[in-house]
Each structure stands twice: as C-alpha cells, then as structure tokens.
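Down below is the structure, laid out as structure tokens.
The values are calculated or read from the model by the stated rules, or taken from the named source; none is laboratory data. Everything numeric in this text was worked out from a predicted model, so none of it was measured. Here the Cβ positions follow ideal geometry from the backbone for every residue, glycine too, while neighbour counts run over all protein chains shown. Heavy atoms of the whole protein, side chains included, go into the accessibility calculation; ligands, DNA and RNA do not. Shrake-Rupley method; radii C 1.70, N 1.55, O 1.52, S 1.80 Å.
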Amino acid sequence: QVQLVESGGGLVQPGGSLRLSCSAYGILFSNYPMDWYRQAPGKQRELVASISRGGSPTYSDSVNGRFTISRDNSKEVVYLQMNNLKPEDTANYYCRANGRTIFKPNYWGQGTQVTVSS
C-alpha cells in the first residue's frame, strides 16, 4: 500500500536547474523525516539531503549551497530544488521515508534520472 513516487528528472545543461518531487501514499507523511539519495553507475548510493519532520534541512558537502530540500506536509510532498547543476550531479535520484525505529520501516521510491551534460 505504501508508495513513494518521484518526478522531475531529465536532461539539463551544466549550470541549469531542476526541481524533483516525491509524493507519498499510504503513510502518515508528517511523521517521517525524508531523504534524497543519488546513485551514479558504478558508484555507491549517497545521501544528498535530509529534512526533519519539522522542516529542518541538512545537506552533503557536495551540494550544499546549490540544492534546497523542502516539504509540504499538507500536500504530502518533498521537493529537491537543484540549481547550478554540474556533470558530477548526474545520477538516479531516490526519495526515502525514514522510519527511524524498528517499528517503522524505511520506504524508497523508484528513482528518477538526472543527467547533466553539454
């Protein structure tokens, strides 16, 4: 029943912008910290940004100052605004709902591809 659905990926030139969205279904969205991860071919999946239940964000050093994570608990959506994109940002981006405890599992979206290329 639980489903996370990402959208907004695509092809963009270096220096461009994209906004990713992740809609949640089947969970009490406001109870979950939310994360964005990314994984490039042949590389480990890495945490890009996190946002607390109350809306406090954290970022990896590689995207700090360029990306902004936000959430709308009323709409049950988490966003990732990506500005000044670089080729090294190319990856499949995944949304995760953080269950935090053994009583609540983590949930993952299917991913959306972001390609930054001239």
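A compact table of results
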| item | result |
| --- | --- |
| Single residue of the stretch 1-36 satisfying the filter (closer than 15 Å to N92 by Cα and among the β-branched types (V, I, T)) that is most open to solvent (accessible area, probe 1.4 Å) | V5 |
| Residues satisfying the stated conditions in the stretch 37-89, i.e. open to solvent by 40 Å² or more (accessible area, probe 1.4 Å), assigned to a loop (DSSP other than H, G, I, E, B) and farther than 20 Å from A24 by Cα | P41, G42, K43, Q44, R45, D61, S62, N64, G65, N83, N84, K86 |
| Matching residues in the stretch 59-92 - criterion: being closer than 21 Å to S23 by Cα and among the β-branched types (V, I, T) | T68, I69, V77, V78 |
| Subset of the stretch 1-17 that is over 12 Å from the mean Cα position of the chain (by Cα) and assigned to a strand (DSSP E or B) - its residue that is farthest from G109 (Cα to Cα) | V12 |
| Filtered residues of the stretch 90-118 (kept if open to solvent by less than 30 Å² (accessible area, probe 1.4 Å) and either in a strand (DSSP E or B) or without any contact (Cβ under 8 Å) to a residue 12 or more places away in the chain (or both)) | A91, Y93, C95, A97, T112, V114, V116 |
| Test set (1) without any contact (Cβ under 8 Å) to a residue 60 or more places away in the chain; (2) in contact with an Asp or Glu (Cβ under 6 Å, 6 or more places away or on another chain) - V63 fails condition number | (2) |
| Filtered residues of the stretch 18-29 (kept if outside any strand (DSSP E or B) and either more than 16 Å from K75 (Cα to Cα) or within 16 Å of the chain's Cα centre (by Cα) (or both)) | F29 |
